[in-house]
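Asker: This is the structure I want to talk about, given as structure tokens.
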Amino acid sequence: MDLTWRPLTKDDVPAITRLLAEAEKVDDTGEHFDEDDVAEWMDSPGMDLATDSLGAFDPHGAPVAVGTVEAPERVRTEDRITLNGVVDPAARRRGIGARLLRWQEERAAALHRARFPDLPGETQLSAYESVTSQRALAAAAGYRDIRWWNEMRHDLATLPEVPPVPAGLQVRPVTPELIEPLRVAHNEAFAEHFGSSERSPEIWTHWFTNPSHFRAEISFVVLDGDRIAAYQLAHFYPADAAATGHRTAYIGQLGTRAAYRRRGLGTLLLATGLAAFKEAGYAVAELGVDTANVTGALGLYERIGFVPVRRSVTAVKPIPAPGG
């Protein structure tokens, strides 16, 4: 194909939104994006579109493939850099995805060596089982599957019983003064979780509590005095509602600080949240879970009535040493 390769710009937002919609018709990932979602992705803190993005455009200026490289601002034991990309289904299996992936790996290696050269470095990508072309591309490029994830759903027609609140604790909705304490609690609760890095205030505001999708009124915390013991953050994405015809409350984050675990706070928050979702007019609740989660989250979700609807995998590849 006669393609022009160049970095992405904000002017590409409408065309990229259309590309993602075309891909979803084939890939069936359950993810839908409007222009606001794409603009938010392109505004991700720490990502410079001029150096960390690339697109292949046909002679009419339409994107055939787009990709980004997203490096975490803070790391713990390894520097794992995320590669995101999509190829128009009509242009797959022509080497376009492979070329995009090679560029992403080269850019990721440069970022790693400039930022954390003394730590192990890896590139990672995630793919749904349904996107067989992406799975094949990753395997051919030497990626190794290391983690499986379930997307799970709960029909709000039937709700679990809300258990009593343990003595000395209280449950309340999220209010503005809790946003920063929530970030601190989340960093602590997820310190040992796979793929989690410490979230800066900028990342927390952009991806976790952004008013465009975060719904504080159906998000809850368990408080021990003024200390957050556990929390559940809920999100709503208009593009999903437009595509499916119903409102979905997405549980993006559920966490309990280590000192408060094994007291039923996860069950309490989930049951409280599900009841609030239904009262607010949502039809279903969804969440994603690491099937090997160290705190046993998968079993918790199954017990409260969530069922798996899709599966995805995270695959990684070591970043070679210079000259390697």
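The values are calculated or read from the model by the stated rules, or taken from the named source; none is laboratory data. The model shown is predicted, which means the values in this text are computed figures rather than measured ones. Quick reminder, even Gly has a Cβ in these numbers, built from the backbone with ideal geometry, and neighbours come from all protein chains shown. Accessible surface areas use protein heavy atoms only, side chains included; no ligands, DNA or RNA. Shrake-Rupley method; radii C 1.70, N 1.55, O 1.52, S 1.80 Å.
Asker: Quick one: grab Rg to one decimal and Dmax as a whole number for the stretch 1-153, Cα atoms only, in Å.
Answerer: Values for the stretch 1-153 (Cα only, Rg and Dmax): 15.3, 45 Å.
Asker: Please list, by residue number, every one of the GluC sites (Glu not before Pro) in the stretch 167-273 that is coil in DSSP and has at most 13 other beta-carbon atoms within 10 Å.
Answerer: Of the GluC sites (Glu not before Pro), the ones in loops of the stretch 167-273 whose Cβ has at most 13 other Cβ atoms within 10 Å are Glu192.
Asker: With the Cα gyration tensor of the stretch 166-236 giving a ≥ b ≥ c as the square roots of its eigenvalues, does the rule (a/c under 1.5 for rounded; else a/b larger than b/c for prolate; else oblate) give rounded, prolate or oblate? Could you put the intermediate results ahead of the total?
Answerer: Working: a/c = 1.91, a/b = 1.21, b/c = 1.58.
It comes out oblate by the Cα gyration axes.
Asker: Along the principal axes of its C-alpha atoms, what lengths does the stretch 271-320 span, in descending order and rounded to whole Å?
Answerer: If we take the Cα atoms of the stretch 271-320, the spans are 52, 21, 16 Å.
Asker: Could you work out the relative contact order of the stretch 57-201? I mean the mean sequence separation of Cα pairs under 8 Å and 6+ apart, divided by the number of residues, in percent. Show your work: numbers first, answer last.
Answerer: Details: 114 pairs, mean separation 34.4, N = 145.
Result for the stretch 57-201 is 24 percent.
Asker: Given H placed 1.01 Å from N in the peptide plane, which residues other than close sequence neighbours of Val174 have an amide H under 5 Å from its amide H?
Answerer: For Val174, the qualifying residues are Ser219, Phe220, Val221.
Asker: With unit charges on the beta carbon (Lys/Arg positive, Asp/Glu negative), name the residue among Tyr231, Leu265, Pro59 whose Cα is farthest towards the positive pole of the charge dipole of the chain.
Answerer: Projecting each Cα onto the dipole axis, the largest value belongs to Leu265.
Asker: For the chain, what is the percent of antiparallel DSSP beta bridges, rounded to the nearest 5?
Answerer: 85
Asker: I'd like the orientation of helix 179-189 relative to the chain: the angle between its Cα long axis and the longest Cα principal axis, in ° from 0 to 90, rounded to 10.
Answerer: Helix 179-189 sits at roughly 80 degrees to that axis.
Asker: Along the stretch 142-152, what does the Karplus equation 6.51 cos²θ - 1.76 cosθ + 1.60 (θ = phi - 60°) give for ³J(HN,Hα), rounded to whole Hz, x for Gly and Pro?
Answerer: Once rounded to whole Hz, the list reads x, 7, 10, 5, 10, 8, 10, 10, 9, 8, 10.
Asker: With axes computed from alpha carbons, what is the tilt in degrees of helix 96-115 against the longest principal axis of the chain, rounded to the nearest 10 within 0 to 90?
Answerer: 70
Asker: Restricting to Cα pairs below 8 Å that are 6+ residues apart, what does the relative contact order work out to for the chain? Please round to a whole percent. Please list the in-between numbers first.
Answerer: Details: 563 pairs, mean separation 70.0, N = 324.
With pairs under 8 Å counted, the relative contact order is 22 percent.
Asker: Divide the volume of the convex hull of the Cα atoms of the stretch 177-287 by its number of residues and quote the answer in cubic angstrom per residue.
Answerer: On the way: hull volume 12.1 nm³, N = 111.
Per residue, the Cα convex hull of the stretch 177-287 comes to 109 Å³.
Asker: A further question follows. How large is the helix-only mean residue ellipticity at 222 nm for the chain, computed as the sum of -39500 (n - 2.57) over DSSP H runs with n ≥ 4, divided by its residue count, in deg cm²/dmol to the nearest 500?
Answerer: Mean residue ellipticity at 222 nm (helix-derived): -9000 deg cm²/dmol.
Asker: Another one. Describe numerically, in nm with one decimal, the distance between label points set 7 Å from Cα along Cα→Cβ at Asp43 and at Ala259.
Answerer: Using points 7 Å along Cα→Cβ, the separation is 3.7 nm.
Asker: Next up: Would you please state which residues of the stretch 59-89 a label at Ala321 would reach in this model, taking the label point 7 Å out along Cα→Cβ and a backbone N cut-off of under 17 Å?
Answerer: 79
Asker: Next question, about the same structure. For the stretch 36-135, give the percent of accessible area contributed by carbon and sulfur heavy atoms, probe 1.4 Å, rounded to a whole number. Before the final figure, lay out the partial values.
Answerer: Details: 2140 of 4480 Å².
Using a 1.4 Å probe with all protein chains present, the stretch 36-135 comes out at 48 percent carbon and sulfur.
Asker: Additional query: Restrict the search to the stretch 53-161; then list the GluC sites (Glu not before Pro) that DSSP places in a loop and that have at most 11 other Cβ atoms within 10 Å of their Cβ.
Answerer: Working: sites: Glu70, Glu73, Glu78, Glu105, Glu106, Glu122, Glu129, Glu151, Glu161; in loops: Glu73, Glu78, Glu129, Glu161.
Filter output for the stretch 53-161: Glu161.
Asker: Between (1) 1.25; (2) 0.97; (3) 0.99, which matches Rg/Rh (Cα atoms, Kirkwood Rh) calculated for the structure shown?
Answerer: So the calculated entry is the one marked (2).
Asker: Could you let me know the centre-to-centre spacing of the stretch 165-213 and the stretch 49-111, using Cα atoms, in angstrom?
Answerer: Each part's Cα centre sits 29 Å from the other's.
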